[in-house]
Amino acid sequence: MHNVALRNLLRRKSRTVLSLAALMIGVAAIIVLVSLVEGIEGDAQNLFGSLKTIDVMEKGAGDQTLSRIDISYVNKLENVSGVNAVVPEIYTVVFSIDGKSIMESGSGMPFLTVLGVDLHKRALMRSDKLPFIPDVEKGRDLRPGDKSKIIITEEIAKTYKKVLGSRIKLGEKGFEVVGVFGPSSSMMALAGGIVMVPIDDARQCAGLPAGKVGMFVIEPSNPEKIDKLATALKFKFSDEFDFFMASDYTSMMGDMLGELRLLLFFVGAISGFIAGVGIMNTMLMSVMERTKEIGALRAMGWTGGDVVRMILFESLFLGIFGGIFGGIFGWLISSLIGSSFGILTRVSPGLFALGFVFAVFVSVLGGLYPAFRASRMNPIEALRE
């Protein structure tokens, strides 16, 4: 019966290929999307797990680029027990590089994030590691006293053909490239990347007055007591600021990934419906074309159950091949996205198994009605046709 089912599929090459293609696309879509979510989730856990600082933003701002804080709060925050350093920062965005729109570069992002750091205050930190900022791979880090200096990403260096010592213009402000970051996290890659400049230069890009900054990064004297410090800060400044730690970012990322997983559910449902309809159509056409053959089999003693099993075996073969090739196709696309855009993807054996089971389930489900219809044929009437 297995050989008969496989032979029947090979006899109808065009419809079989089309059904396989629909199934492969559905499986590949699931694998690509899930691999992106799992990659971002793993990247977020590594990134946020290493954070030992507290971000301070304007109350209700909700985003670093929208936050505006008076610089005088630096002294007030530094005087809180348990604070080692308070580093003012300014986040802003620019829409052009070297006088041309960033959209024209083909990066897919309409803007670039610029981070300005108070380098004198940063020098007081025990660790020079700032949240979300990768290590400098080429050149040097920014130093106190630097003016119009910039550290760019690998992507910008490649896209705009910049090397150490090159000049680059962000919006209306020119800089000298002194360093290049190593690979960014997946989240920063999705956000279009980030460059770092002295805080006064970022203030010019953002159009902020001298007495304003965007946010503060607080380094605790004892990283093990960061929760206690956060509680004290919230008690004293709850009306002025919002405070964010690793746990807060993890929670926000969890909410975002939950929405992505919900999107996956709908994508899977849609692709499953399309693939199931295609397989049902293929099997139904096959049953109609083989009416006499099925009638002859019934006349030779095949039961309705035998006919059902034959049709379902054909659907099962479609599911097996669609699951295998769709998994490979999805892995290739996922790898291509990772290498092309610097986004971490994770294709695990469990994800392959999920795609395979999905393909088999959809295929068998799509073959149920044609199999039931074939089993109900009257042998005599079938032979007459």
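Below is a table of values for the structure above.
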{"item": "Relative contact order (%) - criterion: Cα under 8 Å, at least six apart; region: the stretch 52-244", "result": "37 percent"}
{"item": "Likely footprinting exposure, ILE152, ILE54, fewest C-beta neighbours within 10 Å first", "result": "ILE54, ILE152"}
{"item": "Karplus-derived 3J(HN,Hα), 6.51/-1.76/1.60, for each residue of the stretch 53-60, Hz, glycine and proline x", "result": "10, 10, 8, 10, 10, 4, 4, x"}
{"item": "Label-zone membership for the stretch 206-245, site ILE71, 7 angstrom Cα→C-beta point, backbone N under 15 Å", "result": "206-216"}
{"item": "Between 0 and 90°, nearest 10: helix 304-341 axis offset from the chain longest Cα axis", "result": "20 degrees"}
{"item": "Residues with amide H under 5 Å from that of ASP141, placed H, sequence gap 5 or more", "result": "none"}
{"item": "Cut-off 11 Å between beta-carbons: net charge of the residues surrounding ILE133, Lys and Arg +1, Asp and Glu -1", "result": "-2"}
{"item": "Qualifying GluC sites (Glu not before Pro) in the stretch 150-181, DSSP loop, other Cβ atoms within 10 Å at most 16", "result": "GLU172"}
{"item": "Exposure proxy order (Cβ contacts within 10 Å, fewest to most) of MET256, MET57", "result": "MET256, MET57"}
{"item": "Gained length - ASP306 relative to ARG140, 0.36 nm times residue gap less alpha-carbon distance", "result": "52.4 nm"}
{"item": "Amide H contacts under 5 Å for MET196, placed H, 5+ residues apart", "result": "LEU115, ILE151"}
{"item": "In sequence order, calculated HN-Hα J values of the stretch 276-293 (Karplus, 6.51, -1.76, 1.60; Hz; x Gly/Pro)", "result": "x, 5, x, 5, 4, 5, 4, 5, 5, 4, 4, 5, 5, 6, 10, 4, 5, 4"}
{"item": "Cut-off 15 Å (backbone N to label point 7 Å along Cα→Cβ of GLN204), residues of the stretch 144-181", "result": "145-151, 167-177"}
{"item": "In Hz, Karplus ³J(HN,Hα) per residue of the stretch 357-368 (6.51, -1.76, 1.60; θ = phi - 60°; x = Gly, Pro)", "result": "4, 4, 5, 5, 4, 4, 5, 5, 4, x, x, 5"}
{"item": "Computed over the stretch 52-244, Kirkwood Rh from alpha-carbon pairs, angstrom", "result": "17.2 Å"}
{"item": "Amide proton proximity set for ALA85, modelled H, under 5 Å, gap of 5+", "result": "GLU219"}
{"item": "Relative contact order, percent, the chain [alpha-carbon distance under 8 Å, six or more residues apart]", "result": "29 percent"}
{"item": "ARG261/LEU365 FRET efficiency (R0 30 Å; Cβ-Cβ; nearest 0.05)", "result": "0.85"}
{"item": "Average silhouette area of the chain, convex hull of alpha-carbon atoms, in square nanometres", "result": "24.0 nm²"}
{"item": "Linear extension gain, ASP248 paired with MET103, 0.36 nm per residue minus alpha-carbon span", "result": "49.0 nm"}
{"item": "Gyration tensor verdict on the stretch 194-270 (Cα atoms; rounded if a/c is under 1.5, prolate if a/b is larger than b/c, oblate otherwise)", "result": "oblate"}
{"item": "Proximal charge balance of SER335 [Cβ under 15 Å; K/R count +1, D/E count -1]", "result": "0"}
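A short reminder: the numbers here are calculations on the coordinates, not readings from a lab. Since the model is a prediction, treat every value here as computed from it, not as a measurement. Note that we place each Cβ from the backbone using ideal geometry, even for glycine, and neighbour counts take in every protein chain shown.
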